[in-house]
Amino acid sequence: MSTFTPFVTIPSPTVDAGRPGVALVSISRLQSLCEAVAPRYAGRAKFFTVREGYGAAVAALQAYVDAGSVDVVLSAGSNGAYLRENLSVPVVMVKVNGFDVLSAITRATAAWPQARIGLVLHEAIAQELADLGPLLNVDLRQRAYRSIDEVRLAVDQLAAQGCRVVVGAGMACDLAQQAGMDSVFLYSLAAVEEAFERSVELARVSREKESKRGRLNTIVAHLRDGVAAFDEAGQLEAVNPAMLDLLGLGAAQAFPKDDEDTPARVARALGPLLRETRAAGQAVDERIEQLGGRALIVNCVPIVEQGTRSGFVVTAQDALVAQRIDRSLRTSQRPRHLVARHRLDDLIGDSGALERVRRLARAGAAHDATVLLTGESGTGKELVAQGIHNASRRRGNPFVAFNCAALPEGLIESELFGHEEGAFTGARRGGKPGLFEIAHTGTIFLDEIGEMPAALQSRLLRVLQEREVMKLGAGRATPVDVRVIAATHRDLHALVEQGAFRADLYFRLNLLQIKLPPLRERRADIAPLARHLLERSALQYGLPPAALERVLAFLDPLFENYAWPGNVRELENLLARAAIHVGEVTGDLSGNLPANALPDWQAVFPEFARIGPRGVERLTPAPQDAPSSRTAPRATPTREDALHALERSGGNRAAASRALGIGRTTLWRLLKG
């Protein structure tokens with residue numbers, strides 16, 4: 001029965017864990033030389049002896065090789081050649097050089113002068129020795145062998161030729177003695193030491209490579225991405241469980257050596273990728289393939305070693321997993337302020353016009369259709385856009401708002417679509433994602449869409465059609481899942497007729513149009529809306545609850561008669577102004593104010609001057625029975641009104657804005673338009 005016997009005692013598992021193992025295999029006299037040399041290398045390797053040969057030695061070694069205990073086998077002659085063909089670990093052969101042969105022949109002639117000498121060598125005879133025989137005055141006969149049977153035949157032939165001494169390996173020497181001949185052992189101590197040096201160094205290198213391979217296999221086995229490695233001929237070398245699972249082959253072991261069917265099935269599934277990569281001579285990068293009943297993102301990369309292609313590595317990832325990771329990354333990396341704060345319930349009022357807005361907004365929120373919000377400035381278009389987002393399935397995902405009139409054309413393009421590093425002078429290092437990418441899985445609100453430059457309208461149209469964006473300087477488009485809500489105070493249809501806005505973009509945006517009514521067209525909502533806004537800002541401006549009614553009563557003439565060109569935004573600003581000033585007034589606002597207060601109030605609230613003379617003379621609410629004191633609301637200021645006001649104010653835009661009762665932005669638009 002074959003056994004492993006350690007030549008040296010193993011001190012401790014921690015020390016031995018780093019030492020490679022060398023198996024010494026011999027069934028002849030070589031064993032004694034190995035036993036003499038082994039102690040010198042005890043600190044560098046663990047040695048095991050196997051006193052078997054050929055098939056029996058392979059059977060004895062295989063379990064230890066599989067367990068990783070033996071890294072290298074040291075043997076000689078035909079036995080070593082057999083082991084080299086049947087073991088997966090390196091086999092180091094004890095080599096016989098010319099000096100060893102001459103030394104053995106010299107010892108034989110010294111011991112047995114004039115005797116015929118038979119030389120038995122492994123694989124081939126030495127022709128040089130045949131030529132040297134007459135010069136050395138030696139009667140030399142040579143025979144070569146490749147197997148144990150050929151050793152016996154060679155010894156028998158030498159005996160028949162009258163050889164008295166046989167020089168050869170241990171088995172030849174043993175057989176010669178059995179045949180009645182003398183023998184000289186061919187291998188020298190120096191040859192064994194040289195073989196030990198090579199085997200110990202090779203074992204060390206093999207142990208290091210195996211350790212690295214083991215770590216790599218462990219890492220690859222635990223990857224969620226599938227990995228498969230092939231040689232140049234397309235034969236599977238390694239595959240991890242994730243790849244087997246992605247291909248629908250089951251989660252098997254990382255390297256299915258014993259499963260003969262698995263490598264063939266993996267090769268059949270990935271064969272087209274290998275053939276394409278081999279034919280094209282370049283990698284297949286991020287290809288979407290249907291494999292194993294699911295969509296996979298696959299890559300196939302050639303393995304090049306020392307300038308020569310030696311194989312291929314294929315990686316695969318579940319497309320659904322990639323989408324989840326992409327969504328998670330975009331969500332985690334988006335700025336925290338990209339959140340919609342308002343809901344449709346924040347629309348205050350019960351008028352029919354506002355109820356229609358709510359109904360259309362809820363209908364739009366139920367689908368991913370593009371929404372176009374129209375209406376004058378300050379009517380609450382962004383509030384409605386946020387409400388639609390929060391009422392849709394995209395709530396919780398980013399809400400990105402962008403004003404198309406706020407930046408120059410070049411900056412708008414970079415902001416919306418992003419850029420790669422080096423795309424232009426001053427481009428951010430590492431590139432920058434555009435707002436469409438940041439809004440992925442959410443909503444992007446494009447305010448003042450009518451102001452978008454013509455050159456960028458075509459790019460926006462492509463995003464709406466293809467649902468992908470091309471960064472500045474990028475070579476390929478990035479898919480985006482985004483819902484678009486656009487808003488404008490301008491008549492886009494008129495702009496299309498004038499050639500200032502693309503017709504195809506207009507029809508793409510005008511899928512669901514919601515027109516927000518101006519404040520003057522829903523006067524019944526002004527008082528409740530004013531109360532809501534004033535209550536919300538009471539703490540901010542330090543307005544006592546008792547003063548709230550005084551402010552609302554004071555502004556009542558405006559609620560009923562003022563044109564509100566700035567709409568809800570103007571109402572909110574006026575309420576804040578009233579909270580600051582009226583909240584500090586002492587006395588009863590239901591009566592007359594002191595005469596010396598009138599000029600100050602006229603300066604603070606010029607809006608009263610636009611509702612008629614009686615409004616200027618009387619800053620308190622008009623009696624309920626005197627409706628004639630109220631004048632009809634004035635229409636929205638025109639560009640001519642803005643020019644006249646600017647001329648009267650000497651070019652002071654702030655004064656002109658106050659005179660018209662509009663904000664500076666509205667004045668700017670009137671002058672521009």
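If the condition is being assigned to a strand (DSSP E or B) and not charged (D, E, K, R), then region 457-493 contributes 469, 472, 478, 479, 484, 485, 486, 487, 488. Residues of region 38-63 that are surrounded by fewer than 20 Cβ atoms within 10 Å (Cβ to Cβ) and out of contact with any strand residue (DSSP E or B) (no Cβ under 8 Å at 6 or more places or on another chain): 39, 40, 42, 43, 44, 51, 54, 55, 56, 59, 62, 63.
Of all residues in region 386-414, those that are over 20 Å from residue 452 (Cβ atoms) and touching a residue at least 40 places away in the same chain (Cβ under 8 Å) have Cβ atoms under 8 Å from Cβ atoms of residues that are assigned to a loop (DSSP other than H, G, I, E, B) and β-branched (Val, Ile, Thr), 6 or more apart or on another chain, in 394/441; 397/441; 398/339; 398/441.
A search for C-beta distances below 8 Å between a residue of region 218-240 that is over 10 Å from residue 313 (Cα atoms) and any residue that is in a strand (DSSP E or B) and basic (Lys, Arg), counting only pairs 6+ apart in sequence or on different chains, returns 232/309.
Selection of region 437-477 for residues being among the polar types (S, T, N, Q), surrounded by fewer than 17 Cβ atoms within 10 Å (Cβ to Cβ) and closer than 23 Å to residue 392 by Cβ yields only 465.
Exactly one residue out of 502, 483, 490 is in the same structural domain as residue 386 (by TED's automatic domain parsing), basic (Lys, Arg) and within 36 Å of the chain's Cα centre (by Cα): that is 483.
For (1) within 30 Å of residue 249 (Cα to Cα); (2) assigned by TED's automatic domain parsing to the domain that holds residue 280; (3) modelled with pLDDT under 90, each residue gets a yes or a no:
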| position | (1), (2), (3) |
| --- | --- |
| 297 | yes, yes, yes |
| 319 | yes, yes, yes |
| 330 | no, no, yes |
| 350 | no, no, yes |
| 371 | no, no, no |
| 374 | no, no, no |
| 395 | no, no, yes |
| 400 | no, no, no |
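Any chance region 500-517 includes a residue that's in contact with an Asp or Glu (Cβ under 8 Å, 6 or more places away or on another chain) and more than 29 Å from residue 359 (Cβ to Cβ)? Scanning region 500-517, I find no residue that is in contact with an Asp or Glu (Cβ under 8 Å, 6 or more places away or on another chain) and more than 29 Å from residue 359 (Cβ to Cβ), so the answer is no. Pairs linking a residue in region 6-30 that is within 24 Å of residue 55 (Cβ to Cβ) and crowded, with 16+ Cβ neighbours inside 10 Å to a residue that is modelled with pLDDT of 50 or more and among the acidic types (Asp, Glu), with Cβ atoms under 6 Å and 6 or more positions apart or on different chains, are 21/71. Evaluate the following for residue 125: is it under 18 Å from residue 154 (Cα atoms), in the same structural domain as residue 169 (by TED's automatic domain parsing) and crowded, with 18+ Cβ neighbours inside 10 Å? In short, no. Annotation: of all residues in region 546-559 being in contact with a helix residue (DSSP H, G or I) (Cβ under 7 Å, 6 or more places away or on another chain) and surrounded by fewer than 20 Cβ atoms within 10 Å (Cβ to Cβ), the one that is farthest from residue 356 (Cα to Cα) is 550.
Among the residues making up region 70-98, those that are surrounded by fewer than 16 Cβ atoms within 10 Å (Cβ to Cβ) and in contact (Cβ under 8 Å) with a residue 60 or more places away in the chain are 95, 97. Condition first: assigned to a helix (DSSP H, G or I) and either among the hydrophobic types (A, V, I, L, M, F, W, C) or buried (at least 19 other Cβ atoms within 10 Å of the Cβ) (or both). Now tell me which residues in region 507-526 satisfy that. Within region 507-526, 507, 509, 519, 524, 525, 526 meet the criteria. Taking region 403-414 as the range and being crowded, with 19+ Cβ neighbours inside 10 Å and either of a type in the set (A, V, I, L, M, F, W, C) or modelled with pLDDT of 85 or more (or both) as the test, the residues that pass are 404, 412.
The values are calculated or read from the model by the stated rules, or taken from the named source; none is laboratory data. Computed from a predicted model, the values in this text were never measured in an experiment. Methodologically, a virtual Cβ is constructed for each residue, glycine included, from the backbone with ideal geometry; neighbour enumeration extends over all protein chains shown.
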